[in-house]
Amino acid sequence: MESQVSFPVVDPQNFSSRRRNHMLSSHRRDELISWMKEMLHHSFVLDAKHTYFDTFRYFEELIDEHRLSAATGRPSKLRTLVPSVGAFHTPLPLEEAFRYYDQKYAVTGRRHIPPTFNEIRHTLNLAQVFALKSSLRLITFDGDQTLYEDGGNFQYDSILSVSIRALLRAGVHVALVTAAGYANEGPKYEARLRGLLDGFMSSQLEDEAVSRFFVVGGECNFYLRAKRVDPMASDQCQAQVVRLVPVSDEEWAAAIPGKRPFDWPEDECRRMLDAAQAVMETSIQELRLRATIIRKTRGVGIVSGGAEAVKQMPMGHGSLKLKREALDEIVLLVQEKMSSMSPIASLPYCCFNGGRDAWFDIGNKRVGVETMQALLGITRADACLHVGDQFLNTGNDFAARAVSPCIWIINPLETEKILHRILHVLGLDDDQQKLQ
Ligand code: IMP
Ligand code: MG
């Protein structure tokens with residue numbers, strides 16, 4: 001039978017492959033997880049739920065073959081099945097992870113509901129944690145929606161902060177790698193992290209452990225390190241505090257000889273930012289957005305415009321919250337613009353839907369995590385882990401996948417739970433209890 005689906009007629013001369021790909025591969029889908037879900041669905045409809053385990057073992061084998069193929073430059077079987085599949089930096093014990101998950105949540109016991117997208121995401125996360133080795137040297141965390149709620153601050157003495165201290169004590173470096181960019185102004189990052197930093201003091205975290213905590217701001221543009229300091233002379237009654245201070249020139253010189261990877265040429269930054277800003281300005285008119293634009297040295301963003309924007313756009317929307325659809329549209333338009341610029345955009349960049357806003361930043365978290373690895377002298381991706389909430393191609397954690405194993409959470413509570421698992425696998429949960 002002929003397909004009933006009809007596609008819009010387009011002029012092929014005016015239809016770039018980039019645009020075509022945007023229409024065909026949805027920005028709201030993770031193709032690997034969707035494909036796994038479809039595979040598991042076969043077992044479900046055949047009422048053969050016990051075969052979920054075999055299917056996960058099969059995924060595991062495909063991932064092993066994919067890793068081997070990457071090393072030899074051959075196309076893998078997994079890539080033919082899931083063309084957008086990325087790199088795997090470790091093997092993934094998926095069958096073991098699913099057995100664990102099933103013991104707790106009885107997925108195989110369900111008659112009406114097959115394994116869902118989120119359950120497969122959790123199984124992949126667990127497998128990534130089981131694959132961790134005691135050689136883990138660096139965990140990087142996204143900020144908004146991973147360590148704290150969108151736009152919020154880190155809670156004082158939360159379970160998350162206890163877990164982070166346990167990692168730092170055990171010799172693991174921890175970095176917040178966030179898009180939020182406040183240049184090298186430590187106090188601005190400190191305001192959001194005060195709850196965590198004060199916990200370093202009250203729990204008497206040793207100086208060396210404190211210095212294992214870093215902040216990477218503006219995706220990869222600004223690098224700061226935690227340091228215990230004496231109070232300012234003007235404030236004698238205050239005790240010592242933990243501050244965030246820019247990584248020093250000597251530290252950079254010792255770690256990365258030559259030019260730093262994020263020393264971008266200013267004129268190219270400006271040209272790319274101008275192009276992104278022009279797309280955002282046009283979008284405000286075309287999508288009738290009650291929005292305003294924020295321009296920084298390394299980023300440009302579009303945010304809700306409040307009452308003032310209602311006056312500018314009497315018939316429109318978004319003064320308090322911009323619609324997801326509008327934000328995604330802008331991200332895809334800016335990405336399209338970047339790939340069609342002449343001369344082409346020559347710097348790494350990131351354009352993403354932040355949930356309540358959309359941003360275009362010079363640089364991305366791939367460069368941020370890679371630079372942290374270089375700064376700490378880490379040469380193996382499997383000694384690292386990145387935890388974040390934005391792994392769709394309109395998200396900003398996506399770029400980190402190229403250089404580090406990743407865990408995909410959707411809120412700080414999930415981060416807390418997965419961190420608990422990580423501490424258990426690393427044998428650090430005793431330490432965590434001691435600290436609580
Ligand atoms: P992340 O989830 O920690 O990477 O932070 C992303 C959020 O940081 C965005 O959704 C914005 O609300 C906020 N933000 C603040 N300044 C910037 C910037 O310069 N670039 C991108 N995002 C920013
Ligand atoms: Mg986030």
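The values are calculated or read from the model by the stated rules, or taken from the named source; none is laboratory data. As the structure is a prediction and not an experimental result, all values here were calculated from the model. With ideal geometry, Cβ positions are generated from the backbone for all residues, glycine too; neighbour counts draw on all protein chains shown.
Exactly one residue out of Asp267, Asp274, Asp263 is part of a loop (DSSP other than H, G, I, E, B) and closer than 21 Å to Asn364 by Cβ, and it is Asp263. Assess whether Gly355 counts as being part of a loop (DSSP other than H, G, I, E, B), among the small types (Gly, Ala, Ser) and either farther than 21 Å from Pro265 by Cα or within 16 Å of ligand 2 (Cβ to nearest atom) (or both). Spelling it out, Gly355 is indeed part of a loop (DSSP other than H, G, I, E, B), among the small types (Gly, Ala, Ser) and either farther than 21 Å from Pro265 by Cα or within 16 Å of ligand 2 (Cβ to nearest atom) (or both). Taking the conditions (1) over 24 Å from Ser404 (Cβ atoms); (2) within 16 Å of ligand 2 (Cβ to nearest atom); (3) modelled with pLDDT of 95 or more in turn, Gly151 satisfies each one other than (3).
Among the residues of the range 78-94, the one identified as surrounded by fewer than 13 Cβ atoms within 10 Å (Cβ to Cβ) and over 19 Å from Asn393 (Cα atoms) is Thr80.
When Gln128 is tested against (1) surrounded by fewer than 22 Cβ atoms within 10 Å (Cβ to Cβ); (2) more than 14 Å from ligand 1 (Cβ to nearest atom); (3) outside any loop (DSSP other than H, G, I, E, B), only condition (1) is not met.
Are any residues in the range 176-225 without any contact (Cβ under 8 Å) to a residue 60 or more places away in the chain and either in contact with a Pro (Cβ under 6 Å, 6 or more places away or on another chain) or on the phi > 0 side of the Ramachandran plot (or both), and if so, which ones? First the steps, then the outcome.
Restricting attention to the range 176-225, the residues satisfying the condition of being without any contact (Cβ under 8 Å) to a residue 60 or more places away in the chain are 176, 178, 180, 182, 185, 187-202, 204-213, 215, 217, 222, 224-225.
Those that are without any contact (Cβ under 8 Å) to a residue 60 or more places away in the chain and either in contact with a Pro (Cβ under 6 Å, 6 or more places away or on another chain) or on the phi > 0 side of the Ramachandran plot (or both): Gln204, Leu224.
Within the range 157-190, restricting attention to residues that are of a type in the set (D, E, K, R) and over 24 Å from Ile378 (Cβ atoms), the residue that is farthest from ligand 2 (Cβ to nearest atom) is Asp157.
Take the conditions of a type in the set (A, V, I, L, M), within 16 Å of ligand 1 (Cβ to nearest atom) and modelled with pLDDT of 95 or more and apply them to Val174. Does it pass? Taking the combined requirement at face value, the residue satisfies it. For Val310, the conditions (1) farther than 30 Å from Ala254 by Cα; (2) in a loop (DSSP other than H, G, I, E, B) all hold with the exception of (2).
Ala179 meets the conditions (1) part of a loop (DSSP other than H, G, I, E, B); (2) more than 25 Å from Gly395 (Cβ to Cβ) in every case but one. The failed one is (2).
Only one of Ala275, Ala226, Ala209, Ala191 is of a type in the set (Gly, Ala, Ser), within 23 Å of Met341 (Cα to Cα) and within 25 Å of the chain's Cα centre (by Cα). Can you tell me which?
Ala275
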